[in-house]
Amino acid sequence: MPNRHLVDLVRDQHPLTMPPDGSVAEACAAMHRRRVGAMLVVDEAHHLLGIFTGRDALRCLAEHANPGSMPLRAVMTANPCTMETSSNAMDALRLLNDAGIRHLPIVDHGKLMGIVSRYDFRQMEHRRLDEESGFFESLR
């Protein structure tokens, strides 16, 4: 099975972004409209500052009295894990699995290029990850 590079997965992608002073309510509404599970938080130069996910929204709702008006900077996950576009798909899938995350921003020399989730990978890549996991479990 040939290894795909992440550049192939995010080519022509227009990820959902918002500035850090955007509100949680605005972010949730935009995520709902686009039917995505994550919002990338960027500065004026479009550098990645953080990520706001559905998990962050639930945590915010549970912990704060007026969550909708809170700025994203207060509840986002700052400095999230990222991968370069030159990385291969299997490495990204392994990172998603090992880190227990659902969304992975993809950058090219620090410039935001897109985002991938577990659903962006082919069945054969998931099968290979399962085989690798089973192999390492058998070594324990």
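The values are calculated or read from the model by the stated rules, or taken from the named source; none is laboratory data. Keep in mind that what you see is a predicted model, and the values were worked out from it rather than measured. Glycine gets a Cβ as well: all are built from the backbone with ideal geometry, and neighbour counts include every protein chain shown.
Within the stretch 32-71, the set of residues being among the hydroxyl-bearing types (Ser, Thr, Tyr) and within 14 Å of ILE115 (Cβ to Cβ) comprises THR53 only. Residues that are in a loop (DSSP other than H, G, I, E, B) and either in contact with a strand residue (DSSP E or B) (Cβ under 8 Å, 6 or more places away or on another chain) or within 12 Å of VAL107 (Cα to Cα) (or both) within the stretch 3-13 comprise ASN3, ARG4, ARG11, GLN13, listed in sequence order.
Take the residues in the stretch 72-82 that are touching a strand residue (DSSP E or B) at 6+ places or on another chain (Cβ under 6 Å) and either under 16 Å from VAL116 (Cα atoms) or of a type in the set (Asp, Glu) (or both); name whichever of them is surrounded by the most Cβ atoms within 10 Å (Cβ to Cβ).
Once the filter is applied, the top-ranked residue is PRO80.
Within the stretch 19-42, not a single residue is at pLDDT below 90 and either more than 21 Å from PHE121 (Cβ to Cβ) or part of a strand (DSSP E or B) (or both). For the stretch 1-32, a residue qualifies if it is touching a Leu at 6+ places or on another chain (Cβ under 7 Å) and either loosely packed, with under 15 Cβ neighbours inside 10 Å or of a type in the set (Val, Ile, Thr) (or both), and the qualifying residues are THR17, VAL24. Only residues that are more than 12 Å from the chain's Cα centre (by Cα), crowded, with 16+ Cβ neighbours inside 10 Å and small (Gly, Ala, Ser) were counted in the stretch 83-108, giving 2.
One residue stands out in the stretch 62-71 among those that are touching a Cys at 6+ places or on another chain (Cβ under 9 Å) and farther than 14 Å from MET18 by Cα: the one that is surrounded by the fewest Cβ atoms within 10 Å (Cβ to Cβ), namely GLY68.
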